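The values are calculated or read from the model by the stated rules, or taken from the named source; none is laboratory data. Here the structure is a predicted model, which is why all the values come from computation and not from measurement. Neighbour counts run over all protein chains shown; Cβ positions are idealised from the backbone, glycine included. For accessibility, only protein heavy atoms count, side chains too; no ligands or nucleic acids. Shrake-Rupley method; radii C 1.70, N 1.55, O 1.52, S 1.80 Å.
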Amino acid sequence: MAGVPPDIVPRVVKLANHGVVRTFSSTGGWGVAVDNNDGAHAYVAYSIKNMVARVSLRDGSAVCVAGIPSSEGFHDGAGSEGLMYWPSGIAVHRSGDIYFCDECNNAIRKITPQGELRTVAGNRSKSFCDGSGSAASFFWPRGLAINTITDELIVADSDNNCLRLVTTAGVTTTLTGVCDAHVNLGHVDGPACMAKFHNPQGVAFDPATQCIFVADSGNNCIRKISPSGTVSTIAGTFNNPQGVAMDPTTGDLIVTDSGSHCVRRVSQQGGVTTVAGAPGVQGHHDGLPGESLFDCPCGVAVRPDGDIIVADMPFGLRLVMQ
């Protein structure tokens with residue numbers, strides 16, 4: 001694994017759950033995931049640098065695990081052979097494989113523990129099709145989570161306005177949403193076959209209830225998909241929400257409310273509170289809850305102990321400590 005060049009070393013900000021923010025490392029991307037296999041690292045999808053990096057949550061040091069910094073492309077291979085184009089949603093499987101949405105390549109890809117980049121599903125075309133491996137197609141897949149019960153990947157297929165399921169063997173099916181880019185977008189709750197979304201972004205899976213939560217960005221709300229596939233809206237007071245993650249210590253959701261430049265907490269009953277940032281105020285500043293500022297925060301992840309990690313893309317990875 002190669003060291004990350006100094007100009008793209010991720011900056012991580014420590015932010016206590018009561019809202020105190022401080023920085024300990026620099027620059028970042030859209031997606032972030034905690035490696036729950038060791039709890040000591042985060043994986044970051046550095047979208048603008050077309051790479052995935054592993055960041056130590058102890059000292060902020062980083063190494064590139066796949067991709068060539070600032071080189072876009074599409075190529076499977078080990079080490080510096082692998083190329084990607086705007087990686088976004090990312091998750092770590094218990095096997096050690098790292099799955100991510102290769103957004104501008106319209107593919108779902110993985111990095112093995114040995115550092116090999118492989119394509120799981122998708123064929124680079126901006127279209128919609130279920131199928132196996134390269135027979136499946138996506139249109140700007142953005143969010144990704146893992147159903148830890150079934151091992152399926154949950155993908156927010158943003159411009160197809162739907163949610164897809166991808167097995168680790170690469171078989172893709174549609175979970176919910178009326179799939180037709182820019183045509184059947186909307187906000188409709190109900191059975192999976194009737195529900196509509198508008199540019200879904202982040203996704204999260206709750207193993208306790210087996211429910212899926214979606215940041216429905218174009219509808220400015222958070223949606224829930226029950227195990228039976230029924231879609232409901234649990235909270236709607238957002239401005240372009242991007243990332244969503246489960247807090248395993250409380251059962252709450254942590255949401256990056258990108259257009260409001262803040263991080264928010266949502267109970268499963270729909271209560272919303274602000275964790276950090278000043279709603280509606282854009283900027284970058286460390287400090288107490290009334291002082292800290294964010295600039296269009298994107299991805300979010302939560303460690304088993306409740307620590308929150310926020311990808312504040314213009315300024316870096318910001319770590320939220322309990």
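Some values worked out for this structure:
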{"read-out": "Calculated FRET efficiency for the pair Thr250/Ile149, C-beta based, R₀ 22 Å, to 0.05", "value": "0.60"}
{"read-out": "Alpha-carbon Rg/Rh ratio, for the chain, with Rh computed the Kirkwood way", "value": "0.94"}
{"read-out": "Ratio of Rg to Rh over region 104-255 (Cα coordinates, Kirkwood Rh, two decimals)", "value": "0.95"}
{"read-out": "Accessible-area ranking of Lys224, Lys126, largest first, probe 1.4 Å", "value": "Lys126, Lys224"}
{"read-out": "Rounded to the nearest 10 Å², the accessible area of Phe238 at probe 1.4 Å", "value": "20"}
{"read-out": "Nearest-0.05 FRET efficiency for Glu291 and Ser267, computed from C-beta distance (R0 25 Å)", "value": "0.50"}
{"read-out": "Full-stretch length increase - Thr112, Asn37 - with 0.36 nm per residue and alpha-carbon distance subtracted", "value": "25.6 nm"}
{"read-out": "Cα centre as origin, Lys/Arg/Asp/Glu Cβ charges: the chain dipole, Debye", "value": "120"}
{"read-out": "Whole-number percent relative contact order across the chain, with pairs defined as alpha carbons under 8 Å at least 6 apart", "value": "15"}
{"read-out": "Accessible-area ranking of His187, His41, largest first, probe 1.4 Å", "value": "His187, His41"}
{"read-out": "Ratio of Rg to Rh over region 226-322 (Cα coordinates, Kirkwood Rh, two decimals)", "value": "0.97"}
{"read-out": "Within the chain, percent of DSSP bridges classed antiparallel, to nearest 5", "value": "95"}
{"read-out": "Protein-only accessible surface order, largest first, of Asp35, Asp286, Asp59 at 1.4 Å", "value": "Asp59, Asp286, Asp35"}
{"read-out": "Spherically averaged projected area in nm², based on the convex hull that wraps the Cα atoms of region 84-194", "value": "6.6"}
{"read-out": "Viscosity 0.692 mPa s, 37 °C: Kirkwood-radius Stokes-Einstein D of region 38-143 over Cα pairs, µm²/s", "value": "241"}
{"read-out": "Area of Asp189 that stays accessible when all protein chains are in place (1.4 Å probe, Å², to 10)", "value": "70"}
